[in-house]
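Below you'll find the structure, written out as structure tokens, and then a few comments.
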Amino acid sequence: MCGRLTSGAVRRHDLKPKGEYCGFPARSYGHPERWLPPTGDSMAISVKPLHPLFGAEIGQVEIGLPLDDSTVVEIRAAFEEYSLLLFRDQELDDDKQIAFSERFGPLETTVKANPAGGTYFARQSNLDIDTGAVIPPEDRRIIYQKANMFWHTDSSFKRVPALCSLLSARLVPPEGGDTEFATMRATYAELPEATKRRIEGLVAEHSLVHSRSLVDPRVLTEEQKAELPPVPQTLVRTNPVNGRKSIYVGAHASHIVGWPVEQGRALLRELTEFATQQKFVYRHVWRAGDLVVWDNRCLLHRATPFDTVRYKRLMQRTTVAGDGPTVP
Ligand code: SIN
């Protein structure tokens, strides 16, 4: 059975055609031209915007089932256009999540510091991975996850940063634990021209040690620190499909290469504050069965608090690798 649903009447969406789709072989995820929106009225999925600037809920598709290539093309085109896609009421287990995630590209292996380190999953949870028991708030694993409450973009501390992340809501607390997303693409478009000129060509140094030190410098072991030395990332990125630019900042960004550290930090702070104004932010209130895919090239995100003693939260994240370093 194919994952495209045939029931329901809504088949159209408002993606603006930008060129002709030229087809692609299954499992070929390298070529940006392949993710141009299809033209015409023949869409299988439905697309409902979630926010005036970005994000869309995708309907008419069951992502836990094998998907035909044309449906994947539509999903990928919506991803390039909207930066964040929400799929509601999905029955996913780990294998199905991996299969769907791989339609976006090869998966990253998670860093050792995560309880699921060494697998394809970054586990975001207050439950022990072996026993399922609630982890006490003072435990290193809970403190480590607090860094997710800073605005960040996944894996920008890796030489090849992530293309996208897929977060699947398995257990959701009755209150709290929402995730916020901010569009660095709309941010870039609204930056003063002088700022755009000032930041063009700049490179920031990103590191996990830097972002974790914002919570507690002792949260990473020496082995975990050695796993991920700092890396350079460009400060302005361009989407290879539609050419739209975005800034590229977040908690892993430590300073600007070649600038005095404090001056670089001030610029990064200024850009992050600009990017996370309310008008650029979508807050997702999770329901069990949601899966959200977001574009790490142009969105920041952050977790929000919940009562980790009273409630259970289990989110499974897969992360798709980008297609190369952002700095040669
Ligand atoms: C993440 O930062 O990748 C996870 C966000 C969340 O758990 O809400």
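Note on segment 58-99: residues that are assigned to a helix (DSSP H, G or I) and within 17 Å of the chain's Cα centre (by Cα) amount to 10. Here segment 187-246 is the region considered, the condition is being polar (S, T, N, Q) and assigned to a helix (DSSP H, G or I), and the residue that is farthest from Asp139 (Cα to Cα) is Thr195.
Looking at segment 270-328, the strands (runs of 3 or more DSSP E) lying wholly inside it that each contain 2 or more residues that are out of contact with any helix residue (DSSP H, G or I) (no Cβ under 9 Å at 6 or more places or on another chain), within 11 Å of the ligand (Cβ to nearest atom) and not aliphatic (A, V, I, L, M) sit at 281-284.
Within segment 91-107, being buried (at least 18 other Cβ atoms within 10 Å of the Cβ), of a type outside the set (Ser, Thr, Tyr) and in contact with a Ser or Thr (Cβ under 8 Å, 6 or more places away or on another chain) holds for Leu92, Gln97, Leu107. What do you reckon, is Thr153 at pLDDT below 95 and hydroxyl-bearing (Ser, Thr, Tyr)? It is false that Thr153 is at pLDDT below 95 and hydroxyl-bearing (Ser, Thr, Tyr).
Per the listing Ser7, Ser70, Ser46, the residue uniquely at pLDDT below 50 and out of contact with any Cys (no Cβ under 9 Å at 6 or more places or on another chain) is Ser7. For segment 152-174, filtering for residues that are farther than 19 Å from Gln233 by Cβ, in a strand (DSSP E or B) and either within 8 Å of the ligand (Cβ to nearest atom) or out of contact with any strand residue (DSSP E or B) (no Cβ under 8 Å at 6 or more places or on another chain) (or both) leaves 1.
In this structure, is Gly250 at positive phi and either within 16 Å of the ligand (Cβ to nearest atom) or assigned to a strand (DSSP E or B) (or both)? Criteria met by Gly250. For segment 122-152, the set of residues classified as farther than 26 Å from Ser254 by Cβ and in contact with a helix residue (DSSP H, G or I) (Cβ under 7 Å, 6 or more places away or on another chain) consists of Asn126, Ile135, listed by residue number. Tell me yes or no: at least one residue of segment 140-151 is part of a loop (DSSP other than H, G, I, E, B), within 15 Å of the chain's Cα centre (by Cα), within 22 Å of Gln233 (Cβ to Cβ) and not small (Gly, Ala, Ser). Yes, segment 140-151 contains at least one residue that is part of a loop (DSSP other than H, G, I, E, B), within 15 Å of the chain's Cα centre (by Cα), within 22 Å of Gln233 (Cβ to Cβ) and not small (Gly, Ala, Ser). Of all the residues in segment 74-93, those that are among the acidic types (Asp, Glu) and over 25 Å from Met184 (Cβ atoms) number 3. Looking at Gly201, Gly177, just one residue is within 13 Å of the ligand (Cβ to nearest atom), of a type outside the set (A, V, I, L, M, F, W, C) and at positive phi, and that residue is Gly177.
Screening Ser155 on (1) under 18 Å from Gln316 (Cβ atoms); (2) over 14 Å from the mean Cα position of the chain (by Cα) shows it passes everything except condition (2). Selection over segment 239-252 of residues that are of a type in the set (Lys, Arg) and in contact with a strand residue (DSSP E or B) (Cβ under 6 Å, 6 or more places away or on another chain) gives a count of 1. Could you please let me know if Val236 is in contact with a strand residue (DSSP E or B) (Cβ under 8 Å, 6 or more places away or on another chain) and either surrounded by 13 or more Cβ atoms within 10 Å (Cβ to Cβ) or without any contact (Cβ under 8 Å) to a residue 12 or more places away in the chain (or both)? Taking the combined requirement at face value, the residue satisfies it. Pairs linking a residue in segment 285-299 that is of a type in the set (D, E, K, R) to a residue that is within 13 Å of the ligand (Cβ to nearest atom), with Cβ atoms under 6 Å and 6 or more positions apart or on different chains, are Asp290/Ala169; Asp295/Cys164.
The values are calculated or read from the model by the stated rules, or taken from the named source; none is laboratory data. All of these numbers come straight from a predicted model, not from anything done at the bench. So basically every Cβ, Gly included, is an ideal-geometry build from the backbone, and we count neighbours across all protein chains shown.
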